[in-house]
Amino acid sequence: MNNIRTGIGLWAGRFGNPKIAGQVGKAMEATGHVDQLVIWDQLNSWWPQALWEPSVTPLAKYVPDTDSSADPFVMTAFALAAVEKLGFAICTDALRRDPPEYAQMLLTLAMATEGRATLCLGAGEERHIGPFGRDRKLGL
């Protein structure tokens, strides 16, 4: 039994239309070689905003900031509506939503994808939750 899956990421920046996920999902499924579309969320990027300017990177002309992304579960729903067999991996952390919400969302995706949904759940980083008032000391 082969347990290795191939996934390709979709950066779901909040400056693009979420419907692009359907087009990307269709293209990946059409290859016949991609098992999962990987969508993650970042509330704050790795790049300091002071360095995100056209003089440092030309991409800054097209993406005003990299500090947030669209909701990965919503993006997955758009992609799921456009494909038949593609799986999905959603990467997020355990501090942004509560366990019952994750369970409900993942069970829904598992049903819709016939078990081809994966949740990649991290412990959470202060840079993603501190600026929004969530206290990391509360734990997982």
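Just to be sure I understand the filter: pairs with C-beta atoms under 8 Å, separated by 6 or more residues or on different chains, first member in the stretch 17-32 and among the charged types (D, E, K, R), second member not in a helix (DSSP H, G or I). Which pairs pass?
Lys26/Ala82; Lys26/Val83; Glu29/Val83; Glu29/Glu84; Glu29/Lys85; Glu29/Leu86
Sort out which residues of the stretch 75-93 are small (Gly, Ala, Ser) and more than 12 Å from Ala21 (Cβ to Cβ), and write them in order of number.
Filtering the stretch 75-93 down to residues small (Gly, Ala, Ser) leaves 77, 79, 81-82, 87, 89.
Gly87, Ala89, listed by residue number.
Contact list please: Cβ distance under 6 Å, first residue in the stretch 56-70 and within 17 Å of Ile39 (Cβ to Cβ), second residue in a loop (DSSP other than H, G, I, E, B) and open to solvent by less than 20 Å² (accessible area, probe 1.4 Å), pairs at least six apart or on different chains.
Qualifying pairs under 6 Å: Ser69/Ala12; Ser69/Asp41; Ala70/Ala12.
Got a sec? Which of Leu37, Leu95 is closer than 29 Å to Arg5 by Cβ, in a loop (DSSP other than H, G, I, E, B) and open to solvent by less than 20 Å² (accessible area, probe 1.4 Å)?
From the options Leu37, Leu95, the qualifying one is Leu95.
If a residue has to be under 17 Å from the mean Cα position of the chain (by Cα), in a loop (DSSP other than H, G, I, E, B) and among the small types (Gly, Ala, Ser) to count, how many in the stretch 42-72 make the cut?
The total comes to 3.
For the stretch 41-60, how many residues are open to solvent by 80 Å² or more (accessible area, probe 1.4 Å) and of a type in the set (Phe, Trp, Tyr)?
2
The values are calculated or read from the model by the stated rules, or taken from the named source; none is laboratory data. Since the structure is predicted, the reported quantities are computational estimates derived from the model, not experimental observations. So basically every Cβ, Gly included, is an ideal-geometry build from the backbone, and we count neighbours across all protein chains shown. These area figures cover heavy atoms from the full protein model, side chains too; ligands, DNA and RNA do not enter into them. Shrake-Rupley method; radii C 1.70, N 1.55, O 1.52, S 1.80 Å.
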